[in-house]
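The values are calculated or read from the model by the stated rules, or taken from the named source; none is laboratory data. Quick caveat: nothing in here was measured; it's all calculated off a predicted structure. With ideal geometry, Cβ positions are generated from the backbone for all residues, glycine too; neighbour counts draw on all protein chains shown.
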Amino acid sequence: MWEKAILGMAVLRMLSGSVEILAALLILKVNEVEKALLINSGLAIVGPIILISTTTIGLLGISDRVSFAKIAWILVGITCILIGVRK
């Protein structure tokens, strides 16, 4: 059977994918560029939230097997990704 961390990460990714698909369908339905941009900008917050959530679950799942220093480096990497995407 799957580990709890794996299941949680997979569920969050499926939820994220479902939100993306629903947003695409909504963009097609509204058929206006201005409204489509609003929907798209709403998705810009979903990605980082899912990234942080899945990473947190994964880190909690391996925290007993990985040193604190490696976890700190992972957090530094995630921070760099978020800063790079934001700018």
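Scanning region 54-84 for residues that are more than 15 Å from the chain's Cα centre (by Cα), part of a helix (DSSP H, G or I), of a type in the set (Gly, Ala, Ser) and within 20 Å of Ile6 (Cβ to Cβ) turns up just one, Gly61. For the residues Ala10, Ala24, the requirement of being more than 22 Å from Ile81 (Cα to Cα) and either surrounded by 11 or more Cβ atoms within 10 Å (Cβ to Cβ) or charged (D, E, K, R) (or both) singles out Ala24. Among residues of region 41-74 being surrounded by 14 or more Cβ atoms within 10 Å (Cβ to Cβ) and of a type in the set (S, T, N, Q), the one that is nearest to Ala10 (Cα to Cα) is Thr54. Tell me the residue from Glu20, Glu32 that is more than 17 Å from the chain's Cα centre (by Cα) and at pLDDT 90 or above, please. Of Glu20, Glu32, the one residue that is more than 17 Å from the chain's Cα centre (by Cα) and at pLDDT 90 or above is Glu32.
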